[in-house]
Structure formats: C-alpha cells, structure tokens
Amino acid sequence: MRIEPLPNQPLVSKPNDVPEELVRPVMVRAANMRPGRRVLPHSHAWCQLAYAAEGVLAIYTDQGSWVVPPQRAVWIPHETDHEVYSPHGSKWRALHLDKEFSQGMPDSCCVISVSKLLREMLLHAANLPIEYDEQGPDGRMMQVLMDQIRTARTVPLHLPLPQDLRLRRVTECLIHTPSDPRGLGDLANDAGASSRTLARLFSKELGMTFRQWRSQCRLMASMERLAHGEPVTSVAIDLGYDSPSAFIAMFKRTLGKPPAAYFAAQ
C-alpha cells in the first residue's frame, strides 16, 4: 500500500536541528528518524539532497511523491514545500546547498542513484565541523561531492499528481487502493468525467497513459514493503497482479533489475 503518515504518530513542524542559515555553501546534517516519524510540509531557502543510509524515505510535494530505498536520494530544489515520512525508521543524511553552489541541478524534485563513493562521502561529510575550512581538504572534498551529485543518474521513482479535481479523484482512489482492478471507464463514473476526458488529462497533466500511471503507482507502493523484506509473492498479489512473474516483469522493465537483484544491490 502507499506509504502514508500514520495519524497516531508524533508530528513535527520541521527537524529540530535545521539551521536558520547556511554557514558554508555546502553542509551535511545527520539524524536518526524514529519509525513512523513524519516531518510536516516545510521549505528551505537552499537546495537539499535527502538520503537515508538505512531505511526507506518518502518525500511528498504538491507535484507528486518520491519513495527511495537505500542507495537512492531525492533532490529537492530551494523553496520547495515538502513533507518527509520514515515508515520504519532511517539513518537520515540531509545535504544542504546554497542556490549558487547547486547551479546545474534540476529545478524540480527527482531521484538520483547514490554510488558507493557518494555514499561514503555523504557519511564522512556529516562528521565535519560546521565551519570547516573551505580552502582546505574539507572544502575540496565538498567540491568533489557536488561533482558526484551532478553526474549521478536519475531513477524513475516518482509518482506525479494531477491538479484537475476529476483526475485527482481517480489517482487518490488508486493510491489508497493500488490493487483496484477497475478500468478507466468504471473509474470515470465516480470521477464525474468521461473516460475519454480522463485519458486526455492523464496524458496532458501527468505525461503518461492511465495504464502507465497505475503501473508506476503500484511500483511505488511496493518499494517500502520490499525494502522491509516482505516476500515478492505477497506484495505482487496484494497490489493486484495476477502472478508474481507479472509484477517482476514490470519491476525489471522500470528499474532494470528484478526485485531480488535490485534490493540485494542496495
């Protein structure tokens, strides 16, 4: 199912140790997030790379959601309202960068692949003094760290969300119940629009067909459960696939590897 903030979990308006301003162009903050912790929508004057050395993170914005297991991170541009959720706890690393230092990076959220080198650099940078020497080895390492981020490949772990209220009814229904087997025609009856109108809106607003969006929705719903060690068979059946092989084929087609190999590499 979709990773959602739980109503009985403690809420915070923002991480307790977010700095008021950056004392260096690049900073890395480290924290451990408790299981079920939710960080309410907030934004920064700087850009951020959200990464968990252990655990799964979910990032939500008005434009969509991003679910990332270890070895993946979410790029969040400055002044982007975002919400963070850690379903089973995580070892959180947040890379903060001023706008000038992050030139050349995307102006919208995206998921990037974290190489072994980038991972070790993020972990090391989190232990540096806040006011490290920008002209010394630490400052040079931060320059290399940014080079690694700029050259990292993006990964399709994004679920876009629509603005049209009729289409939003359809997508919210499938997000909450990804196993729903109904076609667009049946869903259109509840949305107050024709199937032709909804098909056009999927293409116009979300850049994909209804079937492509539902497949992506199910992929995103599977990530947290698979990363937590649930069997592929139970995840596939719960998400509405006729067989585990059909789910595995979709997973491999999207991410390049079947689930077992993908998470073994994490």
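Throughout, read-outs are computed from the coordinates displayed, never taken from laboratory work. None of these values were measured; they are calculated from a predicted model. Ideal geometry is used to build each Cβ from the backbone, glycine not excepted, and the neighbour counts take in all protein chains shown.
Annotations for the structure displayed:
- In straight-distance terms, cross-link reach from LYS99 covers every one of the lysines whose alpha-carbon lies under 30 Å from its own, apart from those fewer than eight places away in the same chain; here that gives LYS14, LYS91, LYS116.
- Relative contact order, percent, the chain [alpha-carbon distance under 8 Å, six or more residues apart]: 18 percent
- HN-Hα J in Hz across segment 34-51 - Karplus 6.51, -1.76, 1.60, θ = phi - 60°, x for Gly and Pro: 5, x, x, 6, 10, 9, 4, x, 7, 9, 10, 6, 10, 7, 9, 10, 9, 9
- Between CYS110 and TRP75, the built amide H atoms are under 5 Å apart, and every one of these is 5 or more places off in sequence or on another chain.
- Modelled label reach - SER108, point 7 Å along Cα→Cβ, segment 158-187 residues with backbone N closer than 13 Å: 158-163
- Relative contact order %, segment 11-155, counting alpha carbon pairs below 8 Å whose residues are six or more apart: 28 percent
- Taking amide H as placed 1.01 Å from N in the peptide plane, the amide H of ARG37 sits under 5 Å from that of SER86, GLY89, each at least 5 places away or on another chain.
- Working note: Cα atoms of the chain, range along each principal axis, descending, whole Å: 62, 37, 36.
- Multiplying the residue separation of ARG34 and LEU123 by 0.36 nm and removing their Cα-Cα distance gives an extension gain of 30.1 nm.
- Rounded to the nearest 20 debye, dipole of segment 11-155 from Cβ charges on Lys, Arg, Asp, Glu: 680 debye
- Sequence-separation-based contact order of segment 193-266, relative, with Cα cut under 8 Å and 6+ spacing, percent: 18 percent
- Counting every pair of alpha carbons in segment 64-121, the share spaced more than 16 Å apart comes to 50 percent.
- Quarter of the Cα convex hull surface for segment 129-176, i.e. its orientation-mean projected area (nm²): 6.4 nm²
- Size descriptors for segment 161-264: radius of gyration and Dmax over Cα atoms are 14.4, 44 Å.
- Within the listed set ASP62, ASP238, ASP186, the residue fluctuating most in the Gaussian network model of the chain (springs between alpha-carbon atoms under 10 angstrom) is ASP186.
- Dipole axis of segment 26-106 (+1 Lys, Arg; -1 Asp, Glu on Cβ), positive-most option in MET27, SER102, TRP92: TRP92
- Estimated dipole of the chain in Debye, rounded to 20 [Cβ of Lys and Arg +1, of Asp and Glu -1, Cα centre]: 980 debye
- Residues GLU230, GLU131 arranged by fewest to most Cβ contacts within 10 Å: GLU131, GLU230
- For a label point 7 Å along the Cα-to-beta-carbon line of GLU131, residues of segment 22-37 with backbone N under 17 Å: 22-28
- Among PRO178, PRO231, PRO137: highest mean-square fluctuation, GNM of the chain, C-alpha pairs under 10 Å: PRO137
- Spatially proximal aspartates and glutamates relative to LYS204 (Cα-Cα < 14 Å; intrachain offsets below 8 disregarded): ASP164
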